[in-house]
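The values are calculated or read from the model by the stated rules, or taken from the named source; none is laboratory data. Here the structure is a predicted model, which means the values were calculated and not measured. Don't worry about glycine lacking a Cβ; one is built from the backbone with ideal geometry, like all the others, and counts go over all protein chains shown.
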Amino acid sequence: MTGANPPSAAGTGLVADREARGGPPRRRFEAFRRRETWAGYAFLSPWIVGFLIFMAVPMVASFVLSLTDYDGLRETTFVGWDNYQQLLTDPKVRISLTNTMIYAVMIVPGTMIVALSLAMVLARVGSRSAGFFRTVFYLPEVTPKVAVGVLFLLLFNGQVGLINGALELVGINGPAWTTDPEWIKPGLVLMNLWSVGGTVVIYLAALKNVPTDLYEAAAIDGASAWQQFRRITIPMISPALFFTLIVQTIAALQTFDEAYAAFYGPSTQSGAATDAALFYLIYLFQQAFQFLHMGYASAMAWLLFVIVMIITAIQVRVSKRFVYYESR
């Protein structure tokens with residue numbers, strides 16, 4: 001009679017020992033990984049629930065509203081894509097988008113250049129002094145944006161403002177920052193460069209992580225300070241630069257508080273100057289809460305979302321050629 005040999009006593013003992021220990025190592029590893037996965041989801045659950053309740057659901061609701069004529073008072077009427085078609089013909093949408101894009105082109109590189117310059121100065125200061133100046137530079141970040149808008153009117157007033165007063169001391173006739181349409185956005189840019197402390201802290205941390213031996217080797221090879229900055233500093237902190245580029249761009253496209261407080265709040269300016277300060281979110285706010293065009297405002301919000309996504313995707317695509325990661 002032929003057939004498979006019965007398992008030996010030693011083999012039977014080995015199988016029993018494996019079963020007693022919970023199975024082969026691979027099975028135990030998979031069970032451990034499943035437990036870790038569920039533990040990770042448990043720790044993430046507060047964020048997931050918050051995202052679903054406060055982000056995902058409102059986004060879906062706003063998209064549904066964008067397809068309706070809704071003012072919060074009368075019965076909601078479904079209008080399909082009419083709100084989106086109106087966006088293409090609304091001159092205020094073009095004006096506000098143009099103002100927002102011009103402002104973003106000025107404020108984003110300006111913020112990055114000023115913040116990097118201050119961070120490089122702080123990197124050369126002693127540790128005790130650096131802590132003091134980090135605090136000083138960061139304080140404007142916690143200043144209310146409405147207060148910054150009011151301060152803009154006081155500092156940049158064309159008649160009695162402190163900025164024009166300082167320019168007169170050196171023989172320069174300052175412009176009408178708050179009434180001349182050509183100077184409103186540059187004035188707002190200069191005012192917002194005051195609050196670059198958060199970006200300074202990020203750049204300072206990145207500069208501290210650049211290995212000093214790279215600079216020493218470059219100095220031995222005869223590299224100048226500019227060559228070290230261009231060939232070592234910029235590539236090594238490029239992830240921080242890329243991060244702030246995206247964050248600052250999104251923030252610039254969503255600018256609202258300072259311009260609204262300065263030009264559309266209690267101290268509203270009249271005339272053509274207000275169109276120069278009409279940013280996209282201000283016009284969206286007007287449509288939603290002044291004219292009660294909630295459906296149209298929701299369509300405007302989705303247009304801004306698409307624009308931000310497109311610009312961010314372009315930045316991410318371009319960054320692959322310029323951003324250096326040490327792990328690569």
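Going through the stretch 213-228 one residue at a time, which ones are closer than 15 Å to M120 by Cβ and surrounded by fewer than 10 Cβ atoms within 10 Å (Cβ to Cβ)?
Residue satisfying the conditions is W226 alone.
Being of a type in the set (A, V, I, L, M, F, W, C) and surrounded by 15 or more Cβ atoms within 10 Å (Cβ to Cβ) is the filter here, so list the residues in the stretch 131-156 that pass it.
Going residue by residue through the stretch 131-156, those that are of a type in the set (A, V, I, L, M, F, W, C) are 132-133, 136-137, 139, 142, 146-148, 150-156.
The answer is F133, F137, V148, V150, L151, F152, L153, L155, F156.
Residue by residue through the stretch 116-129, note down the ones that are without any contact (Cβ under 8 Å) to a residue 24 or more places away in the chain, among the hydrophobic types (A, V, I, L, M, F, W, C) and assigned to a helix (DSSP H, G or I).
V121
Report the residue count in the stretch 276-303 for those that are touching a Phe, Trp or Tyr at 6+ places or on another chain (Cβ under 6 Å) and of a type in the set (A, V, I, L, M).
Final tally of qualifying residues: 5.
Working only within the stretch 245-259, note down all residues that are under 27 Å from V150 (Cβ atoms) and surrounded by 18 or more Cβ atoms within 10 Å (Cβ to Cβ).
Q248, T249, A252, L253, T255, E258, A259
Can you pull out the residues in the stretch 146-163 that are in a loop (DSSP other than H, G, I, E, B) and β-branched (V, I, T)?
V160
Quick one: which helices (runs of 4 or more DSSP H) sit completely within the stretch 226-328 and have at least 3 residues that are modelled with pLDDT under 90?
Hits in the stretch 226-328: 257-263, 273-276, 294-322.
In this structure, is R128 over 28 Å from the mean Cα position of the chain (by Cα) and either surrounded by fewer than 18 Cβ atoms within 10 Å (Cβ to Cβ) or farther than 21 Å from T274 by Cβ (or both)?
yes
Considering the stretch 164-180 alone, what residues qualify as being in a helix (DSSP H, G or I) and surrounded by 18 or more Cβ atoms within 10 Å (Cβ to Cβ)?
We begin by selecting, within the stretch 164-180, every residue in a helix (DSSP H, G or I); these are 164-169.
Of everything in the stretch 164-180, just one residue is in a helix (DSSP H, G or I) and surrounded by 18 or more Cβ atoms within 10 Å (Cβ to Cβ), namely N164.
Listed here are the residues, each with its yes/no results for (1) outside any helix (DSSP H, G or I); (2) surrounded by fewer than 15 Cβ atoms within 10 Å (Cβ to Cβ); (3) not assigned by TED's automatic domain parsing to the domain that holds F279.
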| position | (1), (2), (3) |
| --- | --- |
| E75 | yes, yes, yes |
| L88 | no, yes, no |
| R94 | no, yes, no |
| T100 | no, no, no |
| Y103 | no, no, no |
| I107 | no, no, no |
| V114 | no, no, no |
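I'd like the residue in the stretch 229-244 that is among the hydrophobic types (A, V, I, L, M, F, W, C), surrounded by fewer than 17 Cβ atoms within 10 Å (Cβ to Cβ) and over 17 Å from L122 (Cβ atoms) and, out of all such residues, is farthest from the chain's Cα centre (by Cα).
I234
Restricting attention to the stretch 49-68, does a residue exist that is crowded, with 16+ Cβ neighbours inside 10 Å and part of a helix (DSSP H, G or I)?
Yes, the stretch 49-68 contains at least one residue that is crowded, with 16+ Cβ neighbours inside 10 Å and part of a helix (DSSP H, G or I).
Does the stretch 171-189 contain at least one residue that is touching a residue at least 12 places away in the same chain (Cβ under 8 Å), assigned by TED's automatic domain parsing to the domain that holds D275 and either under 24 Å from F133 (Cβ atoms) or touching a His at 6+ places or on another chain (Cβ under 6 Å) (or both)?
Scanning the stretch 171-189 turns up at least one residue that is touching a residue at least 12 places away in the same chain (Cβ under 8 Å), assigned by TED's automatic domain parsing to the domain that holds D275 and either under 24 Å from F133 (Cβ atoms) or touching a His at 6+ places or on another chain (Cβ under 6 Å) (or both).
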